[in-house]
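The values are calculated or read from the model by the stated rules, or taken from the named source; none is laboratory data. Nothing here was measured: the structure is a model prediction, and the numbers come from that model. FYI the Cβ positions are ideal-geometry reconstructions off the backbone, even for glycines, and counts take in every protein chain you see.
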Amino acid sequence: MHMADALLSPAVGGAFWLVSASLIGYSAKKITQENDSSRTPLMGVMGAFIFAAQMINFSIPGTGSSGHIGGGLLLAVLLGPYRAFITLASVLVIQCLFFADGGLMALGCNIFNLAFFPAFIAYPLIYKRIAGSENSPVRIAAASIITAETALLFGASSVVLQTVISGVTELPFKTFILFMIPIHAAIGLAEGLITFGVLSFVAKTEPSMLVDAEKAKLNKSVVTVFVIAAILTAGFVSLFASEDPDGLEWSMAKVTGTERFVSDISGQIHLFAASLQEKIAFLPDYSFKGQASVSDNSKIQGSMLSGTSLSGIIGSLIVLLITALAGFLLRNRFVRSQSDS
């Protein structure tokens with residue numbers, strides 16, 4: 001559900017840049033005020049895992065569409081809402097800048113749609129109330145599915161509203177949302193089941209991670225499994241991701257007949273953002289630049305495979321380092337504020 005710049009006007013894109021930047025600043029402030037550093041080391045590991053997991057598009061049977069997990073709910077449960085928001089925002093920034101996944105002008109919208117709803121709405125208001133504190137498999141399953149569905153549908157609806165406010169007339173509200181909601185409901189169900197599977201493993205390995213952040217133990221087995229899963233997913237499993245269009249592209253195609261289009265609001269700012277992103281991204285679309293110019297089809301396929309694996313591994317490492325560094329700096333900032341007081 002990564003939006004492209006063509007879906008937004010500069011005013012809407014810029015406004016959500018400010019909104020998302022403010023939420024990152026707010027989250028950073030809240031983290032420094034918390035007397036809890038138990039989840040900080042896990043930020044980098046979980047960020048790398050979510051980056052790798054988002055590369056896996058799974059097919060939605062009978063639709064010709066595909067989806068991937070957003071990861072916001074899983075991060076919120078394991079890290080808390082503020083660390084979850086910063087971690088997922090870091091993932092989305094790296095995807096956008098280095099891999100051209102989602103538009104540069106649309107980055108603020110993508111952060112808001114994918115991180116705000118699960119971290120600040122769905123997790124505290126739905127998941128915590130359904131899951132409770134007993135680590136019941138039934139309650140975790142119900143909470144995971146219902147919360148993932150809710151967060152994803154909020155995000156999908158937000159995409160539609162942002163395009164309408166931007167004046168993208170090629171995607172009329174009623175028709176666009178008619179396709180967006182059902183397909184993202186199916187994707188939300190899949191994400192809920194995946195989230196439940198991961199949380200079930202954590203519940204059996206280190207139950208305190210799901211109940212009390214201050215008393216949670218950083219279980220080495222959990223960390224090791226997430227690191228290995230990130231490496232295997234990014235470097236190998238990603239090669240078998242579905243090539244069907246994702247839910248957003250599928251919905252656009254149903255409305256307009258094309259997955260990618262240049263809307264009537266495109267202008268100089270769109271061209272500048274696209275040009276800047278092209279210069280920064282060194283593995284656009286998770287593949288090597290210029291691979292389409294290779295004449296031999298087998299060479300193209302081999303280049304795509306190695307490019308995908310390399311993108312997954314490099315991206316996961318970048319997310320690991322940047323997110324871990326962010327967590328470390330926030331923890332040190334809290335320590336300094338305590339010593340000054």
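In the set (1) at pLDDT 95 or above; (2) in contact with a helix residue (DSSP H, G or I) (Cβ under 7 Å, 6 or more places away or on another chain), the condition left unmet by Tyr26 is number (2).
Looking at (1) touching a Lys or Arg at 6+ places or on another chain (Cβ under 7 Å); (2) surrounded by fewer than 16 Cβ atoms within 10 Å (Cβ to Cβ); (3) not charged (D, E, K, R), can you tell me which one Gly167 breaks? Every condition holds for Gly167 apart from (1).
Conditions tested, residue by residue: (1) closer than 26 Å to Asp244 by Cα; (2) among the β-branched types (Val, Ile, Thr); (3) under 11 Å from the mean Cα position of the chain (by Cα).
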| residue | (1), (2), (3) |
| --- | --- |
| Thr40 | no, yes, no |
| Gly44 | no, no, no |
| Gly47 | yes, no, yes |
| Leu75 | no, no, yes |
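Criterion applied to Val223, Val198, Val255 was being more than 19 Å from the chain's Cα centre (by Cα), of a type in the set (Val, Ile, Thr), at pLDDT 90 or above and part of a helix (DSSP H, G or I), and the one residue passing it is Val255. When Phe51, Phe120 are screened for being within 15 Å of the chain's Cα centre (by Cα) and surrounded by 24 or more Cβ atoms within 10 Å (Cβ to Cβ), only Phe51 passes.
Candidates are the residues of region 150-164 that are surrounded by 20 or more Cβ atoms within 10 Å (Cβ to Cβ) and touching a His at 6+ places or on another chain (Cβ under 8 Å); the one that is nearest to His68 (Cα to Cα) is Leu152.
Taken together, the residues in region 179-194 that are farther than 17 Å from Ser157 by Cα and surrounded by fewer than 18 Cβ atoms within 10 Å (Cβ to Cβ) amount to 1. Whether any residue in region 275-282 is more than 29 Å from Ile187 (Cα to Cα), in a helix (DSSP H, G or I), modelled with pLDDT of 90 or more and among the hydrophobic types (A, V, I, L, M, F, W, C) is what I want to check. Among the residues of region 275-282, at least one is more than 29 Å from Ile187 (Cα to Cα), in a helix (DSSP H, G or I), modelled with pLDDT of 90 or more and among the hydrophobic types (A, V, I, L, M, F, W, C), which makes the answer yes.
Tallying residues that are of a type outside the set (Val, Ile, Thr) and surrounded by fewer than 17 Cβ atoms within 10 Å (Cβ to Cβ) within region 245-265 yields 4. Taking the conditions (1) farther than 20 Å from Glu206 by Cα; (2) modelled with pLDDT under 95; (3) of a type in the set (Val, Ile, Thr) in turn, Val45 satisfies each one other than (1). Within region 56-104, the set of residues being hydroxyl-bearing (Ser, Thr, Tyr) and surrounded by fewer than 24 Cβ atoms within 10 Å (Cβ to Cβ) comprises Ser59, Thr63, Ser66. With the structure loaded, tell me whether Leu239 is outside any loop (DSSP other than H, G, I, E, B), modelled with pLDDT under 90 and surrounded by fewer than 20 Cβ atoms within 10 Å (Cβ to Cβ) or whether it fails that test. When the stated conditions are applied, Leu239 passes them. The set of residues in region 60-108 that are touching a Phe, Trp or Tyr at 6+ places or on another chain (Cβ under 9 Å) and among the charged types (D, E, K, R) contains only Asp101.
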